Amino acid sequence: MHPIKPEHRSVANIANGVFQPFLTDEGEPDGEVLQVNGGKTGYGFHVYRMAPGATTKAHTHVGAEEFYVIDGDLTDHDGYEYRPGDIVCLASGTTHNSSTRNGCTLVVHLPGAEGF
């Protein structure tokens, strides 16, 4: 086994990483993303952050959305509340939007595009 080449490893820290705006297909800001995989912002594995009082735009998942709530609160449009420590899977084809009263940070995996 050989050491991992620097160009094959990307590392960011949530505490001091540079979050980028997550933009909908229409170019509207919808939260912030910390991502290290070099792919399209908000796809694959990333950290997603919502400001207090924020609400996401309604969207439909092409693949399953999986996320872990690190901190804060998150409520789906149907009133279901997620709390720190929750691990969630929303099935492919799910349409929803979410809001937060106090802000939140999530670790997210999205296998493909979302339809806004």
For this session: Give the label of the value calculated from the structure for log10 I(q)/I(0) by the Debye sum over Cα atoms at q = 0.10, 0.13 Å⁻¹, choosing from (1) -0.38, -0.59; (2) -0.30, -0.49; (3) -0.33, -0.54.
Result: (2)
Exercise. Considering the chain as a Gaussian network with a 10 Å cut-off on Cα pairs, which listed residue, 16, 97, 37, attains the greatest mean-square fluctuation?
Worked result: 16
Problem set entry | From phi via Karplus (6.51, -1.76, 1.60), per-residue ³J(HN,Hα) for region 21-31 in Hz, x at Gly/Pro | x, 8, 10, 5, 4, 8, x, 8, x, 8, x
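All of the numbers you see were taken from the coordinates with simple rules; none came from a lab. Computed from a prediction, not measured in an experiment: that's the story for all the values here.
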